[in-house]
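Please treat every number below as a calculation from the coordinates, not as lab data. Please read all numbers here as calculations on a predicted model, not as lab measurements. Heads up, the Cβs are rebuilt from the backbone with ideal geometry, glycines too, and the neighbour counts pull from every protein chain shown.
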Amino acid sequence: METISRIINDNNFVRVRGIGPRNLFLKLEAFNAAGSIKIKTALGMLDALEGSGRLAPDSVLIESSSGSLGVALSIICAERGYRFTCVVDANTSPSNIKQMKLLGADVVMITQRDQNGGYLGSRIAYIQQRLASDSRYVWLNQYANPENPLAHARTTARSILNAFDQVDYLVVGAGTTGTLMGCQQYFSQHSPHTRIIAVDSVGSVTFGYAPGPRHVPGLGTSRRPEIFNPQGLHRLEMVPEIDTIAMCRHLARSNGILAGGSTGTVLAAVYRMSEYFPAGATVVAISPDLGERYMDTIYDDDWVVDRFGRIPPALIPKEELVSPVDTSAAK
C-alpha cells in the first residue's frame, strides 16, 4: 500500500479541440495527489533532503509557494510528521491557503511587494530572516534546488515521450521553471528533435523582460530562479493575464475542461501560435492543475473586474491577434 503522496497519475492526456493544431494534447496533472504537478517537485526535494541526513527531530521545513507546492508539501509533511511553514502572498488562492492550514501547515502571508513589483523577493527575504534567527528551519528552496527539475525529468518528461510515437512540440509554462528545465534536460537527451516552447506571463522577469503587476498565481516570477537556463529552448511566448482568463473560460465552455491559470496561459500561447505549427504536427501542452481552486479568482467576475477593469471578451479571431510583446527566442 502506498501513502497518499505517492499517488502519481502520469498518463492522463486529452485532445483539445478548436484552440490550436489538430493534434493538440493536454497533459492533465490534476489527478495526482495534492491535485497538481507540484507533488512531484515536493517528493523529489523532500526525499533528497531526508536522504542527506540534514533533518533533525525538531526541524521545521519552510518554503515559498504561490499555492500548489505548498499544498503538496503540506500533505507530505502531515503524513511524515514534519512541521512545515509555507510563505505565501496576496495572490495565493484562498482555497490553497485553507487546504494548507487544514493539513497542519503554518501559513505566513507576505503583503509587501519586492523591488520588481512582485512578492517573490519579499517571500524569500522573509525565509532568509527565519533561517538566520532559528537554526531549526530548513529551506527546501524550489528556485535553486536541482531536485526540482530532476523530478520532472524522471516523471513528467518521460511519461510524455512514452505516450506518443513522436512529439514535435512541447509547450511548458515557466514558474519556478522546474518543469520546463526538467523537460528540456530529458528531451535534449532522448528526443532532441522535439522543440520546447516556453510560456511566461507578461510582467515576469524570468526571461529578461521588464517587471509588471501580475495577479494570476502559478506562472511568472519577480526574481529569476537559479535553476533556470534558457539554453536549448526553441521559442518563448509572453501572454498577458487577461488572455489567460479568457482562455480559461473558453476552455471550460468549449472542451469541458475547468483549468487553472497556468493551463490557460499555456493554451493562450498555443492559440496565438496556431499558424506557426505545421500541419500534422503533434503538440503537447502541460496542464499543472485544474480550476476548482480558482473559483474565487480567475472565474469570479468581481475579482477580474477589480484587477483588470473588465471581463475579457470571447477569444479574438487569430487573424486579428497582434502580439503585445516580442515573442522571439528566449533571451
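Remind me, relative contact order of the stretch 38-139 in percent, using alpha carbon pairs under 8 angstrom and six or more residues apart? Across the stretch 38-139, relative contact order equals 28 percent. Electrostatic tally near GLN142: other residues with Cβ closer than 12 Å to its Cβ, Lys and Arg +1, Asp and Glu -1, net 0. Nearest 10 degrees is fine. How inclined is helix 241-255 to the longest principal axis of the chain, computing both from alpha carbons? So the inclination is approximately 70 degrees. Each of LEU69, LEU49 was scored by other Cβ atoms within 10 Å of its Cβ. Arranged with the fewest first, they read LEU49, LEU69. In this structure the amide hydrogen of SER64, modeled in the peptide plane, comes within under 5 Å of the amide hydrogens of VAL87, ASN141, GLN142, none closer than 5 places in sequence on its chain.
VAL304 sits among other residues whose Cβ lies under 10 Å from its own Cβ, and their net charge, with Lys and Arg +1 and Asp and Glu -1, is -2.
When both bridge partners sit in the stretch 38-139, DSSP labels roughly 0% of those beta bridges antiparallel. Residues within the reach of a label modelled at THR3 (point 7 angstrom out along Cα to beta-carbon, backbone nitrogen below 14 Å), restricted to the stretch 62-96, are 72-84. Around the amide H of VAL239, modelled in the peptide plane, lie the amide H atoms of ASP200, SER201, VAL202, all under 5 Å away and 5 or more residues distant in sequence or on another chain. For trypsin sites (Lys or Arg not before Pro), the sites in the stretch 50-120 that DSSP calls loop and that have at most 10 other Cβ atoms within 10 Å are ARG54.
Annotation: the antiparallel percentage among DSSP beta bridges lying fully within the chain is about 15. One equal scatterer on each Cα of the stretch 241-306, no solvent, Debye formula: the resulting log10 I(q)/I(0) at q = 0.16, 0.19, 0.25 Å⁻¹ is -0.53, -0.71, -1.09.
The Cα center of the stretch 131-168 and the Cα center of the stretch 178-256 differ in position by 16 Å. Total lysine pairs in the chain at Cα distances under 24 Å, for residues eight or more apart or on different chains: 7. Under the simplified labelling scheme, the GLU292-ARG310 pair shows an inter-label distance of 3.4 nm, with each label point 7 Å from Cα along Cα→Cβ. For the stretch 110-120, putting each phi into the Karplus relation 6.51 cos²θ - 1.76 cosθ + 1.60 with θ = phi - 60° gives couplings of 9, 10, 8, 6, 8, 5, 9, x, x, 10, 4 Hz, in residue order, rounded to whole numbers and with x for Gly and Pro. Listed values for the stretch 197-207 are Karplus-derived 3J(HN,Hα) couplings in whole Hz (6.51 cos²θ - 1.76 cosθ + 1.60, θ = phi - 60°), namely 10, 8, 10, 9, 8, 4, x, 7, 9, 3, 9, and x replaces Gly and Pro. Using only alpha-carbon positions in the stretch 1-142, the gyration tensor eigenvalues give semi-axes of 29, 21, 13 Å once each is multiplied by 5 and square-rooted (largest first). The relative contact order of the chain, computed from alpha carbon pairs under 8 Å that lie at least 6 residues apart in sequence, is 20 percent. Of the residues VAL270, VAL60, VAL283, the one that moves most in a GNM of the chain with alpha-carbon contacts below 10 Å is VAL60.
Rounded to the nearest 10 degrees, the angle from helix 178-190 to the longest Cα principal axis of the chain is 60 degrees.
Modelled spin-label separation between TYR276 and GLN231, with each label point placed 7 Å from Cα along the Cα-to-Cβ direction: 2.3 nm.
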